[in-house]
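The values are calculated or read from the model by the stated rules, or taken from the named source; none is laboratory data. Just so it is clear, the structure is predicted and the values come from calculations on it, not from any experiment. Note that each Cβ is placed from the backbone with ideal geometry, even for glycine, and that neighbours are counted across all protein chains shown.
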Amino acid sequence: MTTIILIAIAAGFFLWSLIKSRKKTKESLKIAKGLFISTAIQIVGVLALVSLFLAIIPPELIRRVMGGTNEAVSVLWGSLIGTVTIIPAFIAFPLSKQLMEAGATLTAIAAFLTTLTMVGFATFPIEKEYFGTKFTVYRNLFSFFAAISVALLIGVIL
């Protein structure tokens with residue numbers, strides 16, 4: 001129901017935009033089309049890489065690394081993988097489901113997801129340029145340990 005309401009609101013604003021200026025609305029639609037195609041290509045590429053990853057990595061390796069009996073080691077592996085991986089969250093959630101089906105523990109998946117979104121190892125050079133090395137190092141270290149804490153807390157709760 002919420003989706004229908006949001007579509008109706010978007011359609012209303014679209015009609016309002018058409019009434020205000022057909023020319024600007026058409027230009028905006030052209031820009032949106034280009035952005036949509038660009039984003040769609042990236043999404044398909046990332047999905048292909050995730051699928052390739054899951055096809056190459058045997059489930060028993062995932063189970064051993066992220067689903068072993070030693071919870072601390074599983075969380076550490078999950079957090080390290082999440083730290084160096086740079087994929088959008090909307091891809092990471094389906095990937096996490098696949099990892100869970102392959103035998104990864106919930107705490108390792110929580111560590112993977114939280115470090116994926118909080119720690120910026122791959123984006124470190126860009127962040128360093130804007131915020132400075134000291135801030136970037138401290139923020140990433142704090143985020144890494146906070147992510148591990150969240151994962152362990154999830155393990156205790158669940």
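So which residues in the stretch 60-84 are within 13 Å of the chain's Cα centre (by Cα) and surrounded by fewer than 17 Cβ atoms within 10 Å (Cβ to Cβ), if there are any at all?
The initial filter retains those residues of the stretch 60-84 that are within 13 Å of the chain's Cα centre (by Cα), namely 81-84.
Within the stretch 60-84, just VAL84 meets the criteria.
Select from the stretch 3-59 the residues that are small (Gly, Ala, Ser) and under 30 Å from LYS97 (Cα atoms) and write down the one among them that is farthest from the chain's Cα centre (by Cα).
Pass one, the stretch 3-59, residues small (Gly, Ala, Ser): 8, 10-12, 17, 21, 28, 32, 34, 38, 40, 45, 48, 51, 55.
Now drop any that are not under 30 Å from LYS97 (Cα atoms), which leaves 38, 40, 45, 48, 51, 55.
Details: SER38: 18, ALA40: 16, GLY45: 14, ALA48: 15, SER51: 15, ALA55: 20 Å.
This residue is ALA55.
Going by the structure shown, is SER21 surrounded by fewer than 16 Cβ atoms within 10 Å (Cβ to Cβ), outside the structural domain of LEU152 (by TED's automatic domain parsing) and either in contact with a His (Cβ under 8 Å, 6 or more places away or on another chain) or at pLDDT 90 or above (or both)? If you could, list the steps in order and put the result at the bottom.
Values: surrounded by fewer than 16 Cβ atoms within 10 Å (Cβ to Cβ): yes; outside the structural domain of LEU152 (by TED's automatic domain parsing): yes; either in contact with a His (Cβ under 8 Å, 6 or more places away or on another chain) or at pLDDT 90 or above (or both): yes.
Here the answer is yes, as SER21 does meet what is asked.
Looking at the stretch 60-89 only, could you name the residues that are more than 18 Å from ILE148 (Cα to Cα) and either charged (D, E, K, R) or free of Cβ contacts under 8 Å to residues at least 24 places away in the same chain (or both)?
Selection gives GLU60, LEU61, ARG63, ARG64.
Which of (1) under 17 Å from LEU113 (Cα atoms); (2) touching a helix residue (DSSP H, G or I) at 6+ places or on another chain (Cβ under 8 Å) does ALA72 not meet, given it meets every other one?
(2)
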